[in-house]
Amino acid sequence: MSDQTTCADDPSAALTAIAERFDLPGPVSGIEPLGNGNVNDTYLVRLGQPPRPAVVLQRLNTLVFSNPEAVMANLVAFSEHVARRLLQPPRELAGRRWEVPRVFQSRADGLPWVWEGSSFWRALSYVERAQSLERIGHSGHAREIGFGLGLFHQLISDLPVESLADTLEGFHITPTYLSQFDQVLGQLGASTDPGLSDCLAFVEQHRGLVPVLEQAKAAGILRQRPIHGDPKINNVMLDLEGERAVALIDLDTVKPGLIHYDIGDCLRSACNPLGEDTDDWREVQFDLGLCEALLGGYGSVARSFLTPADYDHIVVATRVISFELGLRFLTDHLAGDVYFKTRYRGHNLLRARVQFQLTRSIEAQDAAIEAVVAAIR
Ligand code: GN1
Ligand code: MG
């Protein structure tokens, strides 16, 4: 009861109280919001005076992650596996720094989470002396972002996929998103805003693209592996000079999937120089030079585990994932903004337009992107 009073009166005192329930390496000296995730609430917790290494405190969105304890079980399985692998680092890591966020336990019961009423909290180590970019600066960044994703995939390529739970059913299963779109549109019927007709037409033109990855999976051409699930540009941490990738963060979607979701997501995010939150959606383009750099970095670590069929599906995956994200934003707009956090009405619609424009640009350069993939095989 007293906790709830504190929460209403002083949110930072309530956050401090939550943070202090974790076994952190020092007293809490400050808390501030961190990043701009679309789903969870994230804070940076500073410890001690002078400040010691900081901690990331997160409230998982339990409307999205209905089994948050399984999310944490995946994260623990992932971090233990990678910690073992890093005892004998792969040769690509020679002379480089690579970090894996560490999970803190609750003081009361040693579990890697804290429930506070219906809120689910976790605490992870913060990657110090690093930055994340919202938009790409130059091809050196793209190469490192590709390297980071490749290294991440390499380090978990021998983690048995059966050891991870499917914590977000339907995530990146594009046909499921199309069904949800059809359902929401069906409920709206004739009341759909006429200003959306370009977006609705775009979806109609792309129905054939939707099942491509899932069909390849069902046919055994592509197989499930552990994936990151959300390797967009701002989830790859670079050192302060922007010269080296040092970590992948945002690990709540580490789960079984196709690595093509990751490769496609990383490309659609990092090769869009205007960024996914631009107002200028008509100017959005997929940058071939950045794609070449990113895939060069990815390929330099990924050759050991990529199959010929994997290479064959990289370009289509980039189209599918940019289209899929546009479809998810559009559906959420139609449904009244219930999934992604928004800053204003129409935000999700603008985000959808950005992704659809990006998909158009990828389509227009299809053959050139295939040639880039061929060069890394
Ligand atoms: C969401 O919450 P955030 O920003 O890390 C979403 C991703 C999208 C991304 C688009 C669980 O990620 O799938 O690609 O927004 N995460 C979930 O920015 O739906
Ligand atoms: Mg995420």
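For region 227-264, a residue qualifies if it is open to solvent by less than 10 Å² (accessible area, probe 1.4 Å), more than 16 Å from ligand 2 (Cβ to nearest atom) and in a strand (DSSP E or B), and the qualifying residues are Leu238, Ala245, Val246. Restricting the first member to region 188-201 and to residues that are closer than 14 Å to Leu350 by Cα, and the second to residues that are of a type in the set (S, T, N, Q) and modelled with pLDDT under 95, no beta-carbon pair is closer than 6 Å while six or more apart or on different chains. Within region 286-298, being under 16 Å from Val354 (Cβ atoms) and open to solvent by 40 Å² or more (accessible area, probe 1.4 Å) holds for one residue alone: Asp287. Selection of region 159-209 for residues being open to solvent by 40 Å² or more (accessible area, probe 1.4 Å), more than 16 Å from ligand 1 (Cβ to nearest atom) and part of a loop (DSSP other than H, G, I, E, B) yields Pro160, Asp193, Arg207, Gly208. Within the bounds of region 141-158, is there any residue that is in a loop (DSSP other than H, G, I, E, B), more than 16 Å from ligand 2 (Cβ to nearest atom) and not aromatic (Phe, Trp, Tyr)? Within region 141-158 (the criterion being in a loop (DSSP other than H, G, I, E, B), more than 16 Å from ligand 2 (Cβ to nearest atom) and not aromatic (Phe, Trp, Tyr)), the answer is yes, since at least one residue qualifies.
Contact list please: Cβ distance under 6 Å, first residue in region 40-64 and without any contact (Cβ under 8 Å) to a residue 60 or more places away in the chain, second residue part of a loop (DSSP other than H, G, I, E, B) and within 11 Å of ligand 1 (Cβ to nearest atom), pairs at least six apart or on different chains. Qualifying pairs under 6 Å: Thr42/Gly35; Asn61/Val39; Asn61/Asn40.
Considered as a group, the residues in region 341-355 that are under 17 Å from the mean Cα position of the chain (by Cα) and among the charged types (D, E, K, R) include one that is farthest from Trp281 (Cα to Cα), and that residue is Lys341.
Is it true that some residue in region 197-207 is under 24 Å from Ala309 (Cα atoms) and either touching a Leu at 6+ places or on another chain (Cβ under 6 Å) or not small (Gly, Ala, Ser) (or both)? Among the residues of region 197-207, at least one is under 24 Å from Ala309 (Cα atoms) and either touching a Leu at 6+ places or on another chain (Cβ under 6 Å) or not small (Gly, Ala, Ser) (or both), which makes the answer yes. The residue that is farthest from Leu294 (Cα to Cα), among those in region 210-226 that are open to solvent by 70 Å² or more (accessible area, probe 1.4 Å) and in a helix (DSSP H, G or I), is Ala218. Restricting Ala374, Ala352 to those that are small (Gly, Ala, Ser), open to solvent by 50 Å² or more (accessible area, probe 1.4 Å) and modelled with pLDDT of 95 or more reduces the list to Ala374.
Residues in region 88-138 that are open to solvent by less than 80 Å² (accessible area, probe 1.4 Å), more than 18 Å from Leu238 (Cα to Cα) and polar (S, T, N, Q): 2 in all. Do we have any residue at all in region 218-237 that's away from ligand 1 (no atom under 14 Å from the Cβ), in contact with a Phe, Trp or Tyr (Cβ under 7 Å, 6 or more places away or on another chain) and either of a type in the set (Val, Ile, Thr) or not assigned by TED's automatic domain parsing to the domain that holds Asp366 (or both)? The answer is no; no qualifying residue exists.
Exactly one residue among Gly296, Gly326, Gly289 is modelled with pLDDT of 95 or more, part of a helix (DSSP H, G or I) and within 22 Å of Ile173 (Cα to Cα), and that residue is Gly326.
Select from region 59-81 the residues that are touching an Asp or Glu at 6+ places or on another chain (Cβ under 8 Å) and either open to solvent by 20 Å² or more (accessible area, probe 1.4 Å) or among the aromatic types (Phe, Trp, Tyr) (or both) and list them in ascending order. Residues satisfying the conditions are Arg59, Asn61, Phe65.
Only one entry of Val301, Val316 meets the criterion of being at pLDDT 95 or above, crowded, with 22+ Cβ neighbours inside 10 Å and more than 30 Å from Arg343 (Cβ to Cβ), and that entry is Val301. Does region 277-285 contain at least one residue that is surrounded by fewer than 18 Cβ atoms within 10 Å (Cβ to Cβ), within 16 Å of ligand 2 (Cβ to nearest atom) and not in a helix (DSSP H, G or I)? Within region 277-285, one or more residues are surrounded by fewer than 18 Cβ atoms within 10 Å (Cβ to Cβ), within 16 Å of ligand 2 (Cβ to nearest atom) and not in a helix (DSSP H, G or I).
The values are calculated or read from the model by the stated rules, or taken from the named source; none is laboratory data. For clarity, every value in this text was computed on a predicted model and none was experimentally measured. For neighbour counting, all protein chains shown are included, and Cβ atoms are generated from backbone atoms with ideal geometry for every residue, glycine included. Quick note on the areas: whole protein, heavy atoms, side chains included, nothing else; ligands and nucleic acids left out. Shrake-Rupley method; radii C 1.70, N 1.55, O 1.52, S 1.80 Å.
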